[in-house]
Amino acid sequence: MIQGLIRGEKILGVVLMLWTLIVAGVSSAEAAALPHLGEAKAAVEAQYGAAYVVQEDTLHFRNGEEWRESLKTKPSQAKAYGYAILAQDKKGTLWVEYNADERVKKETLLLEENLKIRHLGKYFQELQAALTAKDSLAVILESYPRTQLAVRIGKTAEAERWVRFFVVGEGKTHINMHSEIKGFEITESSCLPGEVKAPTEGAWTKSDNYFLPRLYFSEPLLKRKKTELIVVHHAAMPLTTTREDIQDLHLTNGWAGIGYHKLVFADGKTAEGRPENVVGAHALGVNQRSLGIVLVGDFSKERPPMAQLQGAANLTRELMEKYHVALENVKPHRAVTEGTDCPGAAFPWQEFISLIAAAGK
């Protein structure tokens, strides 16, 4: 049903117009959890209220009140029922299809605003837990104009339960944790014991599970053959920037993912970026023979906090000893790549070098 909505621009436009008008008035209904397949219609409507729009058949939709009024003279079952939902600040419509016993057999969520894969757990905690369970299985289908993504969230000897996501964008980069979705559908299909059945027809292949809290890269990374330099950067972004924010930016730039090997935050704590043994994407001309450390922040006009400087100095010293890099081969980005003042004009380089030297005593 919803596949037709997604593909048919005219139909989708009408539904989205109704959807926006109705959902705009939703202010207090919390969608703490989505209905479960097999759940009774009465339970769904106890949580979400009556459907505000009803799909009678493939092409015809009716206002929910009109539909309920018509049932007084002609009882019938609609193809799907649309419920307005609010998951924190995310508004949308939950389309539910029921079987003859009025139990959920399929549910499809269309969001008013796109949502990044990495943020899904913030709004749909129960679904996130299912997507990241040990027995989950992520698959992709290479298709035009955009690769499709699905995750198996349950399997018994007789059936499999799948979530298929509506990925948006032009498809210039591979699907990753920063890809945006406009919704998803949850279905269940019968299968034979030991059989893995794809969510739809097509050549689905196993994929990384981008709902797990890990960094994934959009292409294979090359092993680094030698480490002669350690290059120090600033992120040229606010101190509050997260590792995922930098990953998002670098993927948007068309890179495989985060280009730095190590990150240091304002409080001196560190995080892993690109795997330590692969070629980075941080300093043009020396990536093949260097490690990249970034201090999160913008030090063009303000110096980094002392805790951050000390944390970066300690980390640098550890890497120097591990890879046998001399202090004179610890370089600011501007010393190895033309056209940049990174790690910023206010970065106290000589003080930083003294901290590294002191860390080795």
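The values are calculated or read from the model by the stated rules, or taken from the named source; none is laboratory data. These numbers come from a predicted model, not from an experiment. All Cβ positions, even for glycine, are placed from backbone atoms using ideal geometry, and neighbour counts span all protein chains on display. With ligands, DNA and RNA removed, areas are computed over all heavy atoms of the protein, side chains included. Shrake-Rupley method; radii C 1.70, N 1.55, O 1.52, S 1.80 Å.
In a simple Cβ point-charge model (Lys, Arg +1; Asp, Glu -1; nothing else charged), the chain has a dipole of about 840 debye relative to its Cα centre.
Quick one: pull the percentage of alpha-carbon pairs in segment 123-270 with a separation above 24 Å. Result for the distance tail: 44 percent.
Summary of the geometry: segment 340-361 and segment 37-75, compared by the centres of their Cα atoms, lie 66 Å apart.
Based on alpha carbons, the Rg and Dmax found for the chain are 25.8, 89 Å. Taking amide H as placed 1.01 Å from N in the peptide plane, the amide H of L239 sits under 5 Å from that of D298, each at least 5 places away or on another chain.
I need the fraction of alpha carbon pairs in segment 224-285 separated by more than 16 Å, rounded to a whole percent.
The answer is 44 percent, as a whole percent.
Each residue of segment 96-107 was assigned a 3J(HN,Hα) from its phi angle through the Karplus expression (A = 6.51, B = -1.76, C = 1.60, θ = phi - 60°), giving 10, 10, 10, 8, 5, 8, 6, 10, 4, 10, 7, 9 Hz with x at Gly and Pro. The accessible surface of the chain, taken with every protein chain in place and a 1.4 Å probe, is 52 percent carbon and sulfur.
Backbone geometry of segment 71-83 corresponds, through the Karplus equation with coefficients 6.51, -1.76 and 1.60 at θ = phi - 60°, to 3J(HN,Hα) couplings of 5, 5, 10, 9, x, 7, 10, 7, 6, 7, 10, x, 10 Hz, x marking Gly and Pro. Overall, the ratio between the Cα radius of gyration of segment 188-253 and 2.2 N^0.38 Å, rounded to two decimals, is 1.81. A Gaussian network model of the chain, with springs between Cα atoms under 10 Å, assigns the largest mean-square fluctuation among K223, K262, K116 to K223. Once the Cα atoms are used to define both axes, helix 306-323 deviates from the longest principal axis of the chain by about 80 degrees. The 3J(HN,Hα) values that the Karplus relation (6.51, -1.76, 1.60; θ = phi - 60°) gives for segment 286-293 are, in residue order, 10, 4, 5, 9, 9, 9, x, 10 Hz. Gly and Pro appear as x. Near V278, the amide H atoms lying under 5 Å from its own belong to R224; only residues 5 or more places off or on other chains count, and H is placed 1.01 Å from N. Relative to the dominant Cα principal axis of the chain, helix 9-23 is inclined by about 90°. For the chain, the solvent-accessible area works out to 50 Å² per residue, with a probe of 1.4 Å and every protein chain left in place. Inter-part distance, segment 119-160 to segment 88-118, computed on C-alpha centroids, equals 15 Å.
Taken over the Cα atoms of segment 312-361, the convex hull encloses 71 Å³ per residue.
Could you estimate the translational diffusion coefficient of segment 54-125 from the Stokes-Einstein equation, with Rh from the Kirkwood formula over C-alpha pairs, at 20 °C and 1.002 mPa s, in whole µm²/s? In µm²/s, the coefficient rounds to 155.
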